[in-house]
Structures are given as C-alpha cells and as structure tokens.
1. Multiplying the sequence separation of Gln169 and Ala136 by 0.36 nm and subtracting their Cα-Cα distance, what value in nm do you get?
2. When the solvent-accessible surface of protein heavy atoms is calculated with a 1.4 angstrom probe, in what order do Met19, Met26 fall, highest first?
3. With the dipole of the chain worked out from charges on the C-beta (+1 for Lys and Arg, -1 for Asp and Glu) around the Cα centre, which of Val214, Ile195, Val65 lies farthest toward the positive end?
4. So how tilted is helix 145-154 from the main axis of the chain? Cα-based, degrees 0 to 90, rounded to 10.
5. Going by alpha carbons, how many degrees (0 to 90, nearest 10) lie between the helix axis of 83-109 and the longest principal axis of the chain?
6. Can you tell me the dipole magnitude for the chain around its Cα centre, using point charges on the Cβ only (Lys, Arg +1; Asp, Glu -1), in Debye to the nearest 20?
7. Roughly to the nearest percent, how much of the accessible area of segment 78-236 is carbon and sulfur, given a 1.4 Å probe?
8. Where does helix 167-180 land angle-wise versus the long Cα axis of the chain, in degrees 0 to 90, nearest 10?
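The values are calculated or read from the model by the stated rules, or taken from the named source; none is laboratory data. Bear in mind that the values here come from a model prediction, so they are computed numbers and not experimental data. Don't worry about glycine lacking a Cβ; one is built from the backbone with ideal geometry, like all the others, and counts go over all protein chains shown. Side chains are part of the model used for accessible areas, which takes the heavy atoms of the whole protein and leaves out ligands, DNA and RNA. Shrake-Rupley method; radii C 1.70, N 1.55, O 1.52, S 1.80 Å.
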Amino acid sequence: MEHALEEATPMRYRRATAMLALALGMSAFALVVLAGPAYRLHLLALGSAFSLLRWGAWAGLAAVVIGVISAWLARPGQGRPGFGFALAGLALGVIAFGMPIALLQKARSVPPIHDISTDTETPPTFVAVLPLRKDAANPADYGGAEIARQQHQAYPDIQPATVALTAPQAYARALQVAQAMGWTIVATVPESGRIEATDTTPWFGFKDDIVIRVSAQGNASRVDIRSVSRVGRSDMGKNAQRI
C-alpha cells in the first residue's frame, strides 16, 4: 500500500505538498506572532487580535497535518524533493498552534481575576495612576470578598512582607526593586509610603498598574503590593507572578 501511494504521487505533487505545508506554516506563524504588535500599535481591537490567534492556531494545525504527510512523501532517498520545506512548515505549524494553546491552558489553570493584592482586607489604593486608567475596561476599585476568596485559593503564598528595615529604608529598597524590574514609575510619595507604577507586557503591550504601600511596624516595616490589569477579565496569573 505504501509503495502504491508513492507511485500515485508524482514528484511535482510531493514538492507542491511540501511547499503548501511551508506556506501554511509561515502564514500561521505570522498570524500568531503579529497579533500582539497589531493590537499594541492600535491596528486591531483586542477581539480582532484574539481572532488572529485563533486563525493562526487552526492554520498551524493544518500546517502540521500537511507537513507530516509531505515530509513522509518527500523523505530522503530516491530523489524525493521538498523534505526540507515540509519540515520547516511542520515546525512553524507546531509553534503557531502551540503558542495559543499554551495561553489557553494557562488561562484555564488560574482564576478569572485580574486584581491581586497582598492585603485583601484594606488593599493599597491608587491615586496618581487613576487618570491613566480613565479609559480602562477594568475599574481601579477592589472587587471585594469574592475576588479575595479566589486569590487566596489560587495564590496562598501572596502575603504582606515584613522586613527588618525602618520604613524609609524599606521604601527606598522597594523603589529600587520597582525600577530594577523595568516598571514605569508614576508617583513616589515617601511621606505616605506609597509608590505607583505601570508595567507593560512585551507581546500585546497590556498595561498593568502597581501600587506599593510601606508602613512602619515597630522597628520593622510591612510592605504591601497590589497589581491590577487595565483590560481582560483574567490576567493569566501575570499579576500574581509580578508580585
């Protein structure tokens, strides 16, 4: 049967199938990779950018299927052309299909929340960042007990930090760390122990806002951090990871 299939597949068709796999793989990879920059540059709305990811994933799956078939038909030996094209299309298809699937699995593994705080009873509040969030889909007000419940269940390790430093020392250290993490510092208010900043994700350019609160605890200090996404119901764990 294998020999019959090979005989029924002329050499030009083997090469054409391999080129099809490569074209699909390249197209799928481009759709997936460019979805983020297209949204970040305001060329597409978020929903349209996510549609590109879906289309790219399906095109990637098609490239994988055709790539496997064409790689087998064009496998090395007896002058079969197109093996390299088939492998390239297959590899690009795997990447294009794998990236959105990985994002989907990540989203399903964490609670659908986007506001994470080390203090869920009296969360640090935003002041200077509020004008920057005036058009944000997500409010800056804390979501309450249900959000806190989901956070504590998913991220039990997120707690206030008590450090053996005076409040001014802890504040200076917190500011140093925030700057080292590449955040854009929006406001520093040492007298109230508050630091506000914004972090931008590299692919889609999502902006998440952070507020740090440093308070004296005797000879030590307590540091609380809150990180909130401007868009999206779920942050896929990014705010918790940041904290």
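1. Values: separation 33, 0.36 × 33 = 11.88 nm, distance 3.37 nm.
Working it through step by step, the gained length comes to 8.5 nm.
2. Details: Met19 80, Met26 110 Å².
Solvent-accessible surface, decreasing: Met26, Met19.
3. Positive-end residue among those listed: Val65.
4. Relative to the chain, helix 145-154 is tipped by roughly 60 degrees.
5. Result, in degrees: 30.
6. Values: 22 positive and 17 negative charges, 124 e Å.
Roughly 600 debye for the chain.
7. After summing per-atom areas, the C and S share lands at 59 percent.
8. So the helix axis and the longest Cα principal axis differ by about 20 degrees.
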